[in-house]
Amino acid sequence: MKKSDQDFHIYLRGIILIGFMLLLIGLITSGKLTYYVAPKMHIFVYFAVAIFGILGVMQFFRRSQHHDDGCGCGVDHTPKGAPIKHFLIYMLFVIPLLTGFMMPEKAMDSSIAEKRGIRYGTGLYAKPTQKTEEGNVVASEEIDVEAYLEDPEGYLKEMEENVKKENPIETYDVTEYYEKFGKELLKEDKITVTSEHYLDAMSVFNIYLDQFKGKEIETTGFVYREDGMKEDQAVIARFSMNCCSADAVVYGTIVEGDQVSKLKTDTWYTVTGVIDETEFNHIRLPLVKIDSLKKIEPLKDPYVYPSAESFGTE
């Protein structure tokens, strides 16, 4: 291979690495990094920016130090293979890079929710229970709806006990936290669902629905509709993210009112109303009967995240 060909590969690798660094810097400075990565993971993105920059600059130093005799190690480092092979390999990096620069950054919306489905209430146990030969309760592929509806607290406790048995490590009593958090919410004249404790509130309303019926509530989210809903019903939803957009899940609360049929999908609203109950797909769920609603701009950070308290880290 000619010296100029090897120089081309070195230059191209440096440009690709610097390109990824600039792409990440653009997401950070524009504040749109949260569309793709949870805040707790941002430190790893900052680290990646530094690594891409260092490796990219090193490629250009390799070019300046390159000479016909190579590095003197006795090994030929020139890329091997046909040009088409090199082209296809580089495209694996160039296409995502160009896509990142050319595609507009936007938050996930109802089109994603439609594909992934939506969770109501706790959403903690997306899998139901079954018995092992030893009598332990483990997860299976479907929620045991009847067992949960008969005794929500008992069902959750049974699942927690199973986790402790199957995983002999220190665990946190989630049910105890929800019980404490629920009592705090019941003391409030008007419950305002914040982004910080959105998932906790959804779980508490579902577990202790009878106690919360009649309480005034204010919640914010985007409008989403599911097949089979009444004309005067919709969902005020939020995307939950634990690590990145790949694990994002949609959580929401069904709302009902005369104005709901006029609400456009994906528009953001702050809804005020009274907690009641409804049945959807044969499951008893919380419902908010709307007293008033206000259209708002999408939040700067449209996603919600598991609270530190629910993990027992605070």
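Does Glu256 satisfy the criteria of being acidic (Asp, Glu) and over 20 Å from Ala201 (Cβ atoms)?
Details: acidic (Asp, Glu): yes; over 20 Å from Ala201 (Cβ atoms): no.
No, not satisfied.
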Among the residues of region 276-288, the number that are under 10 Å from Ile217 (Cβ atoms) and basic (Lys, Arg) is 0
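Every residue in region 237-254 that is assigned to a strand (DSSP E or B) and under 19 Å from Tyr35 (Cα atoms), please.
To start, the set of residues in region 237-254 that are assigned to a strand (DSSP E or B) comprises 237-240, 244, 249-254.
Listed by number, the residues that qualify are Ala237, Arg238, Phe239, Ser240, Cys244, Val249, Val250, Tyr251, Gly252.
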Lys230 meets each of (1) modelled with pLDDT of 85 or more; (2) open to solvent by less than 60 Å² (accessible area, probe 1.4 Å) with one exception, condition (2)
Quick one: would you say Ile217 is modelled with pLDDT of 90 or more, within 22 Å of the chain's Cα centre (by Cα) and assigned to a strand (DSSP E or B)?
no
Among residues of region 259-284 being more than 19 Å from Thr192 (Cα to Cα), in a strand (DSSP E or B) and not hydroxyl-bearing (Ser, Thr, Tyr), the residue least open to solvent (accessible area, probe 1.4 Å) is Phe280
Those residues of region 98-119 which are modelled with pLDDT under 70, of a type in the set (A, V, I, L, M, F, W, C) and assigned to a helix (DSSP H, G or I) amount to Ala113
- Thr220: open to solvent by 20 Å² or more (accessible area, probe 1.4 Å) and more than 30 Å from Phe44 (Cβ to Cβ), yes or no? no
Those residues of region 291-312 that are in contact with a helix residue (DSSP H, G or I) (Cβ under 9 Å, 6 or more places away or on another chain), open to solvent by 30 Å² or more (accessible area, probe 1.4 Å) and not in a loop (DSSP other than H, G, I, E, B) come to a total of 3
Among the residues of region 210-254, the number that are out of contact with any Phe, Trp or Tyr (no Cβ under 9 Å at 6 or more places or on another chain) and within 19 Å of Glu279 (Cβ to Cβ) is 10
The residue that is nearest to Asp301 (Cα to Cα), considering only those in region 38-54 that are surrounded by fewer than 18 Cβ atoms within 10 Å (Cβ to Cβ) and either touching a residue at least 60 places away in the same chain (Cβ under 8 Å) or of a type in the set (S, T, N, Q) (or both), is Pro39
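The values are calculated or read from the model by the stated rules, or taken from the named source; none is laboratory data. These numbers were taken from a predicted model, which means no experiment stands behind them. Positions of Cβ are generated from backbone atoms using ideal geometry, with glycine treated the same way; all protein chains shown enter the neighbour counts. The protein model used for the area step is the full one, side chains on, heavy atoms only, and it has no ligands, DNA or RNA in it. Shrake-Rupley method; radii C 1.70, N 1.55, O 1.52, S 1.80 Å.
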